[in-house]
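The values are calculated or read from the model by the stated rules, or taken from the named source; none is laboratory data. This one's a predicted model, so the numbers in the text were calculated from it and none came from an experiment. Positions of Cβ are generated from backbone atoms using ideal geometry, with glycine treated the same way; all protein chains shown enter the neighbour counts. These area figures cover heavy atoms from the full protein model, side chains too; ligands, DNA and RNA do not enter into them. Shrake-Rupley method; radii C 1.70, N 1.55, O 1.52, S 1.80 Å.
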Amino acid sequence: HKKNSHASPTPVLDRDRLFVHFGPVGTACMTTDGEVVWKMSELKFKPVHGNGGSPALHGDTLLVTCDGADKQFVAGIAASTGKVQWTTERSADVRKGFSFCTPTLIEVNGRSQAICPGSGAVAAYDPDSGEALWSVDYGEGYSIVPRPVYGKGLVFVSSCYDSATLYAIDPTGSGDVTDSHVRWTIDRGVPKTPSMLVIDDELYFVDDGGVASCVDALTGKPHWKKRLGGKYSSSLFYGAGFVYFQSET
């Protein structure tokens, strides 16, 4: 794919350990001096358009999403040894199962959650055991790229292709919370590639075609919308009082 390769996943650095992930080709841990600590290639699935989602580290568990054309699951790898600790199959039944999302780690009421959007639904998992905690269904949404963001007590997720909807979800529920814990949705100007950004009370995002939006994070009420021009894939960045929107050019 012109926007992707087998080296798309971002490495994770923890003290003197560097973790790299290449989807079904394999995952590895190295020291910052370049010494290989372990390599693992047990997680097999058929990728579409190369690899996508980056790993996320929780304690001694390296979390990866494995959403291929043939099967879809989330896995926890022991960061110290490379041993696969658990795998949890996705439950959504969709025509196109492939997605590319990076887990987002949050803590809710004293319990850790790994928010892992996939085709058809977003689910939260216990990062230590792989237990599914809650899920929200969004139909045939697939090729999920934007990493979820968390703020004001809500998780913000894009359902991506073919027509993206933004979901604001209360992560305090359990089981299927599609009808009970979705606080608001937006279905225009929603990104399919760039990740969103929460700053104080506001949620910022830009769709792939260059329309930037700012809405109230708690209610979804629009504050402003502006056409920036260009095409966008990069996630938004905040620093020194400014939000940066980086186009492909």
> Rounded, prolate or oblate: which fits the range 117-249, taking a ≥ b ≥ c as square roots of the Cα gyration tensor eigenvalues, rounded meaning a/c under 1.5, else prolate when a/b beats b/c?
Replying inline: prolate
> If you count, for each residue, the other Cβ atoms within 10 Å and average over each peptide, how do 113-121, 154-162, 231-239 line up from highest to lowest?
Replying inline: 113-121, 154-162, 231-239
>> Could you derive backbone 3J(HN,Hα) for the range 224-235 from the dihedral phi with the Karplus parameters 6.51, -1.76 and 1.60 (θ = phi - 60°), listing whole Hz in sequence and x where the residue is Gly or Pro?
In response: 7, 9, 8, 7, 8, x, x, 10, 10, 10, 6, 5
> How many lysine pairs does the range 1-156 hold where the Cα atoms are under 27 Å apart and the two sit 8 or more places apart or on different chains?
Replying inline: 19
>> Counting other C-beta atoms within 10 Å, and keeping those with at most 12, which DSSP coil trypsin sites (Lys or Arg not before Pro) do you find in the range 67-129?
In response: Lys83, Arg95
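Determine by what factor the alpha-carbon radius of gyration of the range 1-119 differs from 2.2 N^0.38 Å, reporting the quotient.
1.04
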> Size of the dipole of the range 1-79 about the Cα centre, Lys and Arg at +1 and Asp and Glu at -1 on the beta carbon, nothing else charged, in debye to 20?
Replying inline: 380
>> At 1.4 Å probe radius, can you tell me the per residue accessible area of the chain in Å²?
In response: 48
>> Just want to confirm a number: the relative contact order over the range 148-248, from Cα pairs under 8 angstrom separated by 6+ residues, in percent.
In response: 20
>> Could you compute how much accessible surface Thr32 exposes when probed at 1.4 Å, giving the result in Å² to the nearest 10?
In response: 90
> Do you know the relative contact order of the chain, to the nearest whole percent, from alpha carbon pairs under 8 angstrom that are 6+ apart?
Replying inline: 10
